[in-house]
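Taking it in order: structure first as structure tokens, then the write-up.
Laboratory data are not the source of any read-out in this text; all were calculated from the coordinates shown. Since we're looking at a predicted model, the values are computed, not measured. Virtual Cβ from ideal backbone geometry, glycine too; neighbours counted across all protein chains shown.
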Amino acid sequence: MKNYQRITLKEREKISKLLITGNNAEEISRELGRHRSTIYREISRYRDENGEYSCITADLIAGISASDRKGGYRKIERHPGLLKYIKEKLTLKWSPEQIVMRMKEEYPDNKSMRISHETIYSYIYVLTRGSLKKELIGYLRQKKKRRGIRGKTNGRGMIPEMISIEERPKEVEGRIIPGHWEGDLIMGRNHRSALGSLVERTTRTVILVPLKKKDASSVRIAFSRELKKLPEQMRLSLTYDQGREMSEHKLFTKNTRVKVYFAHPHSPWERGTNENTNMLIRDYFPKKTDFGTISRKEIKKVQHQLNERPRKALHWKTPKEVFDQLIRTA
């Protein structure tokens with residue numbers, strides 16, 4: 001009889017994607033080659049109060065449950081410098097995994113600065129009590145439900161002369177050549193205000209775009225202003241959803257030389273880098289934020305923090321480090 005193997009993060013990511021596309025637990029079990037009861041338990045156990053399944057939250061909770069809670073996390077208490085480093089990075093909204101990998105870079109020969117990310121989670125959830133526990137949990141990224149699909153379009157004909165993502169060069173999909181961006185609007189309270197977000201696919205560099213208005217002309221001008229600050233080789237294309245705010249895409253391309261490709265309706269995975277980044281941005285600006293009250297300085301401070309945060313996809317380098325290296329070698 002084959003031994004049971006725990007569900008991996010990769011499988012959880014696939015479960016999340018299949019749920020979004022309308023598959024039920026039995027269909028998912030066939031796709032993953034897992035027993036249907038395993039998938040039923042997984043989905044029901046890790047749904048949030050809104051009934052949404054989050055692969056990241058599921059993996060975190062499962063990891064904490066499976067970890068040894070009896071010893072390793074006490075190392076944090078024995079080494080004040082370690083605790084100080086962890087708290088400093090948590091306040092910058094770094095994840096425990098980002099903290100651990102960056103620690104290896106900064107303290108390669110210091111064994112007291114060696115710890116696993118699961119140990120950090122265990123320390124926060126198991127060992128700490130009272131106000132300290134509340135403080136540390138407050139630093140962790142909020143595990144919100146997936147952003148819903150905004151009903152911005154009912155068909156392809158709403159934006160004239162759109163160029164489909166199907167015509168986008170294959171090199172963009174492979175992230176081989178930098179300079180290809182994904183874009184979106186993050187909506188504020190009651191959809192009365194918005195913040196523009198642009199993410200470069202190769203380096204994960206984030207540009208946050210303050211907006212006074214969210215009409216097509218205002219978005220075009222604001223996005224153009226930000227992208228024109230970049231070196232020409234780093235502004236090649238932009239992939240966007242079919243939101244009406246990008247209806248002036250031809251003029252945008254004329255002004256910036258950035259070609260715009262439109263994703264299919266209700267297909268957020270076609271702009272997955274942007275969708276994932278928007279979740280990070282929401283940690284700073286929750287759903288009911290009125291962006292009209294947020295200064296440009298505050299917005300750019302968040303942009304700076306996101307670009308200075310080490311990323312697993314970049315082998316624990318920061319987006320800024322990778323972006324700057326590409327510019328120097330271009």
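At a glance:
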| item | result |
| --- | --- |
| More than 15 angstrom apart: percent of Cα pairs within region 270-330 | 61 percent |
| Hits among lysines - C-alpha to C-alpha of residue 170 under 19 Å, sequence gap 8 or more where chains match | 259 |
| For region 253-305 and region 193-247, distance of Cα centres in Å | 8 Å |
| Of every Cα-Cα pair in region 187-267, the percent that sits beyond 19 Å | 35 percent |
| Reported label for calculated P(r) over Cα pairs in 10 Å bins from 0, in percent given (1) 6, 24, 31, 23, 13, 3, 0, 0; (2) 5, 20, 22, 17, 12, 9, 8, 5, 1, 0; (3) 5, 22, 30, 26, 13, 3, 0 | (3) |
| Among beta bridges that DSSP assigns inside the chain, antiparallel share in %, nearest 5 | 65 percent |
| Cut-off of 10 Å, at most 13 other beta carbons, DSSP loop: longest stretch of the chain lacking such GluC sites (Glu not before Pro) | 162-307 |
| Straight-distance crosslink candidates among aspartates and glutamates, where the alpha carbon sits under 12 Å from residue 84 and sequence neighbours closer than 8 are dropped | none |
| Computed lengthening from residue 91 to residue 27, 0.36 nm per intervening residue step minus Cα-Cα distance | 18.9 nm |
| Above-threshold pairs, the threshold being 20 Å between Cα atoms, out of 229/300; 10/111; 133/320; 104/312; 93/312; 89/301 | 10/111; 133/320 |
| Pairs from 228/254; 214/288; 212/297; 87/317 whose Cα-Cα separation, in the structure shown, is over 18 Å | 87/317 |
